[in-house]
Amino acid sequence: MISAPHPAAPPSLLPPDMRVFVRGWLSSNNLLCLSEQTPALIDTGHSKHAAETVALVRSALGDQPLARIAHTHLHSDHCGGSGALQAAWPGARTWVPEASLDHVQAWDEDALSFGGTGQRCDPFTANEALVPGQTVRLGDHDWEVHAAPGHDALAVLLYEPRHGVLVAGDAMWENGVGVIFPHIDGSDGFDPFADTLTLIERIDPAVVVPGHGAPFGRAGGAIQAALGRARQRIDYFNQHPAQHALYAAKVLIKYQMMDVERMPRAAFDAWLASAPSLRLLHRQHRPDLPWDEWLALILAPLFDKGALRRDGDAVVDGG
Ligand SMILES: [Zn+2]
């Protein structure tokens, strides 16, 4: 599923040297920071759309090489284009959250979460660490690095204080919240997520560039309203953790099918059985049910609502 990139955010929201490519759900948004010296891209989308990401950057930069790549976190929909960007512009330097730098350099797929979730991500290299409390020069701006645990334990926020632009990754969306991955692995993610929302409120950005969906601004109370919705959702999950497990299982399965689009039923079943995160979610949601019965329970609404379809002996993404 490739959705056409939105040409740009409404011009009043972002300074003219920042361009956001709003992508579909499988690829995160990308923020391109234009510059004579150090044009930079923040977050690079999914490997499935890597060629499209390179084309978007090339069309904006022309003959100028991309100089810097940075990531809010290393989920496969936020860093899957990095390998292709590095191949297109071999001189680019690449930043990742500090705690992930060794894992990227060793390309440790389990430590990088691709093993647990059964996802794929084209390998890339990284040279530099994003350290909370420090700044990083991306484009012609110095961006503050803030720790943003919750959705991902190692994620960071990037904040440009002169224009009030916050690149939130999946720490904040306008509607709803992403899966709280640390909770799947048995650590607390709910309280850190709420603390990250409090941090965003304290930063008080003028505009939020979320990992998915269009940028939204302080005007009209959109950011406050989004914070309120996210807090409500976190509170609900805190009180009903099994509901988070149900939500996460559906998201992981749908995500896989958005990537591969079609799988023979046997391969689909094998993928379900091999993803360790789904085993953990089974135990968090309904440990009383055998695996097969639990899967049937999870899959039924995905088929009923058309998120997945059966086509002969295959399972197909419903779009
Ligand atoms: Zn993510």
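The values are calculated or read from the model by the stated rules, or taken from the named source; none is laboratory data. No experiment lies behind these values; they were computed from the predicted model shown. Backbone-built Cβ (ideal geometry, glycine too); neighbour counts: all protein chains shown. Only protein heavy atoms, including side chains, enter the accessible area calculation; ligands, DNA and RNA are left aside. Shrake-Rupley method; radii C 1.70, N 1.55, O 1.52, S 1.80 Å.
For the range 18-239, DSSP calls about 60 percent of its internal beta bridges antiparallel.
For trypsin sites (Lys or Arg not before Pro), the sites in the range 221-319 that DSSP calls loop and that have at most 15 other Cβ atoms within 10 Å are Lys305.
Ligands, DNA and RNA are left out, and with a 1.4 angstrom probe the accessible area of the chain is 41 Å² per residue. For the range 163-319, DSSP calls about 70 percent of its internal beta bridges antiparallel. The range 215-319 gives an Rg/Rh value of 1.08, both radii derived from C-alpha positions and Rh following Kirkwood.
Bridge orientation summary for the range 52-142: considering DSSP beta bridges with both residues in this region, about 25 percent are antiparallel. The stretch between Trp25 and Arg283, if pulled fully straight at 0.36 nm per residue, gains 90.2 nm over its current Cα-Cα span. Label point of Gln37 set 7 angstrom out along Cα-Cβ; within the range 65-90, amide nitrogens under 14 Å from it belong to 67-68. The Cα-based radius of gyration of the range 160-243, divided by its Kirkwood radius, gives an Rg/Rh of 0.98.
Taking 7 Å steps out from each Cα toward its Cβ at Ala296 and Arg231 produces label points 4.3 nm apart. The angle between the Cα long axis of helix 276-285 and the longest principal axis of the Cα atoms of the chain comes to about 70 degrees, rounded to the nearest 10. Taking a ≥ b ≥ c as the square roots of the eigenvalues of the alpha-carbon gyration tensor, the range 262-308 is classed oblate because a/c is 1.5 or more while a/b is no larger than b/c.
Report the normalised scattering of the range 1-134 as log10 I(q)/I(0) at q = 0.18 Å⁻¹, calculated by the Debye formula with identical scatterers on the alpha carbons. Calculated log10 I(q)/I(0) at the listed q: -0.97. When you restrict to C-alpha pairs under 8 Å that are six or more residues apart and normalise by the size of the range 1-133, the relative contact order lands at 19 percent. If R0 is taken as 51 Å, the Cβ-Cβ distance between Ala51 and Gln239 corresponds to a FRET efficiency of 0.70. Within the same chain, lysines fewer than 8 places from Lys305 are excluded, and of the rest, those with a Cα less than 20 Å from its Cα are Lys250, Lys254. With a simple spin-label model that places each label point 7 Å from the Cα along the Cα-to-Cβ direction, the separation between Arg218 and Asp191 comes to 3.1 nm.
Cα extents for the chain along the principal axes, largest to smallest and rounded to whole angstrom: 58, 39, 36.
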